[in-house]
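See below for the structure under consideration.
The values are calculated or read from the model by the stated rules, or taken from the named source; none is laboratory data. On a predicted model such as this, the values are computed, not experimentally measured, just so you know. In this analysis, Cβ positions are derived from the backbone assuming ideal geometry, glycine residues included, and neighbour counts consider all displayed protein chains. Surface accessibility is based on the protein's heavy atoms, side chains included, excluding ligands, DNA and RNA. Shrake-Rupley method; radii C 1.70, N 1.55, O 1.52, S 1.80 Å.
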Amino acid sequence: MIELKNLSMSYPMRQERLQILTDVNLTITQGETVAIIGPSGSGKTTLLLLLAGLEQAESGEIKLINESLGTMDHDQLADLRRDHLGIVFQSFHLIPSLTALNNVSLPLEIAGQKDARLKARQMLNKVDLQERADHFPSQLSGGEQQRVAIARALVHSPKLVLADEPTGNLDLHTGDRITELLFTLNEESGSTMVMVTHDEQIAKRCQRVLRLHQGQLVEDEHHALPA
């Protein structure tokens, strides 16, 4: 599902470059749940953006579903995200002028699916927001907005789910509910999931835990679930 070969990434500073990732190698198989943990500024979100094709690697190779991202143009990357990826952001990134239903149905409508709104309603039912379908994001709580975002990310049954600190903007109780929901829905769909988190308790729920430290990914055997 995911293969990284000698992946490196840095950003220009005033007089030098800030090295974020250095010769990272990684393989993730279909159906795995993987947590990436590490301190703020370690490059976790950068790695997720690279996996989503939203950033271009400085060097090395990223393969998703046997496709090399480095050989794809902007339109091909957009098609890959539309057809195979579901992305859950910490800040929700809902479209404020669209209702919850329209936010969830949007990926399906872009893909030209005729039953987009029906599938979106079914997905809102799964996240227990059927009564809020016609509400706009500004009328929803933070937890409700994140549930809409999860529904939008999973409505097209993606092969790969990328989650960037999905509970980072939520209180503890709401965050626990969102975590439970995300893992439950992902298990139902059989998707591969890569989750960036600073919360090691959430990370423990994944089958594998990878710690990002000084530009390198290290398998955290202490937190890995038994096979």
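Details
- Pairs beyond 30 Å (Cα-Cα), from 114/204; 5/126; 44/119; 126/204; 44/114; 5/119: 114/204; 5/126; 44/119; 44/114; 5/119
- For the chain, with +1 on Lys and Arg beta carbons and -1 on Asp and Glu, the positive-most of 186, 99, 70 along the dipole: 99
- Three-way shape label, region 92-199, alpha-carbon gyration tensor, a/c 1.5: oblate
- Alpha-carbon centroid distance for the pair region 156-210 / region 49-121, whole angstrom: 17 Å
- Its Cα centre serving as origin, region 2-48 has a Cβ charge dipole (Lys and Arg +1, Asp and Glu -1) of approximately 200 debye.
- Per-residue [θ]222 nm for the chain (sum of -39500 (n - 2.57) over DSSP H runs n ≥ 4, rounded to 500): -10000 deg cm²/dmol
- Computed from the Cβ-Cβ distance with R0 of 41 Å, the FRET efficiency linking residue 61 to residue 15 stands at 0.90.
- Take 40-49, 191-200 and order them by the average number of nearby Cβ atoms within 10 Å per residue, most first; the result is 191-200, 40-49.
- Percentage relative contact order, region 32-102, counting C-alpha pairs under 8 Å, at least six apart: 16 percent
- Each of 84, 113, 139 was scored by the projection of its Cα onto the charge dipole of region 74-172, and the greatest displacement toward the positive side belongs to 113; charges sit on the C-beta of Lys, Arg, Asp and Glu.
- Tensor-based shape of region 1-77 (alpha-carbon gyration tensor, a/c under 1.5 rounded, otherwise prolate or oblate): oblate
- For region 1-117, a simple Cβ point-charge model (Lys and Arg +1, Asp and Glu -1, everything else neutral) yields a dipole of about 340 debye relative to the Cα centre.
- Which of 38, 130, 175, positive extreme of dipole for the chain (C-beta unit charges): 130
- Most mobile listed residue (28, 36, 110) in the chain, GNM with C-alpha springs under 10 Å: 110
- Per atom type, the chain shows carbon and sulfur on 47% of its accessible surface, probed at 1.4 Å.
- Net dipole in debye of the chain [+1 Lys, Arg Cβ; -1 Asp, Glu Cβ; about Cα centre; nearest 20]: 340 debye
- Taking the longest Cα principal axis of the chain as reference, the axis of helix 74-84 is set at about 60 degrees.
- Accessible surface of residue 84, taken over heavy atoms with a 1.4 Å probe and every protein chain present, rounds to 50 Å².
- Averaged per residue, the chain has 51 square angstrom of accessible surface, using a 1.4 angstrom probe with ligands and nucleic acids left out.
- Estimated distance in nm for a label pair at residue 176 and residue 115, the labels positioned 7 Å out from Cα along Cα-to-Cβ: 3.7 nm
- Taking 96, 107, 158 as the candidate residues, the one with maximal mean-square fluctuation in a Gaussian network model of the chain, Cα springs under 10 Å, is 96.
- Global geometry of the chain, whether rounded, prolate or oblate, following the gyration tensor of its Cα atoms and the 1.5 cut on a/c: prolate
- Pairwise label distance in nanometres, residue 76 with residue 22, each label 7 Å out on the Cα-Cβ vector: 3.2 nm
- Across region 198-203, rounded Karplus estimates of 3J(HN,Hα) from the backbone phi angles (6.51 cos²θ - 1.76 cosθ + 1.60, θ = phi - 60°) give 9, 8, 6, 5, 5, 4 Hz, Gly and Pro being marked x.
- Cα long-axis angle, helix 142-154 against the chain (0 to 90 degrees, to the nearest 10): 80 degrees
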